[in-house]
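Notes follow the structure.
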Amino acid sequence: MKNIIDYIKKNNIKIIYKEPQIDSKIINTLSKKYNLKILELDPLWKSNTANGYFENIQSNLNNLSEIYE
């Protein structure tokens, strides 16, 4: 954990990513303490629609693109 905290401080990290299937207690704590924005990357899509897979990929790409803003 110390390595993660040091990395956040040293590299001025502003965004942290989480997977919805994983418990996010630690991510929430880090977010509050270091003012990090939490975004979701979902390797498994939730939608049962015909375009669900592509909607999930688009959502992941949109969230990833925030690091360039």
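The values are calculated or read from the model by the stated rules, or taken from the named source; none is laboratory data. Bear in mind that the values here come from a model prediction, so they are computed numbers and not experimental data. All Cβ positions, even for glycine, are placed from backbone atoms using ideal geometry, and neighbour counts span all protein chains on display. Only protein heavy atoms, including side chains, enter the accessible area calculation; ligands, DNA and RNA are left aside. Shrake-Rupley method; radii C 1.70, N 1.55, O 1.52, S 1.80 Å.
Summary table below
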| item | result |
| --- | --- |
| Label selected from (i) 43, 27, 17; (ii) 58, 14, 13; (iii) 38, 26, 19, the criterion being Cα extents along the principal axes in Å as computed here | (i) |
| Cα-centre dipole for the chain with unit charges at Cβ (Lys and Arg positive, Asp and Glu negative), debye to 20 | 500 debye |
| Label point distance in nm, Phe54-Lys37, each placed 7 Å from Cα along Cα→Cβ | 2.7 nm |
| List Leu44, Leu64, ordered by accessible area with a 1.4 Å probe, largest first | Leu44, Leu64 |
| Where a label projected 7 Å from the Cα of Ile15 along Cα→Cβ would reach, residues of region 32-53 with amide N under 15 Å | 36-42 |
| Net charge over other residues, Cβ less than 13 angstrom from the Cβ of Ile27 (K, R count +1; D, E count -1) | +2 |
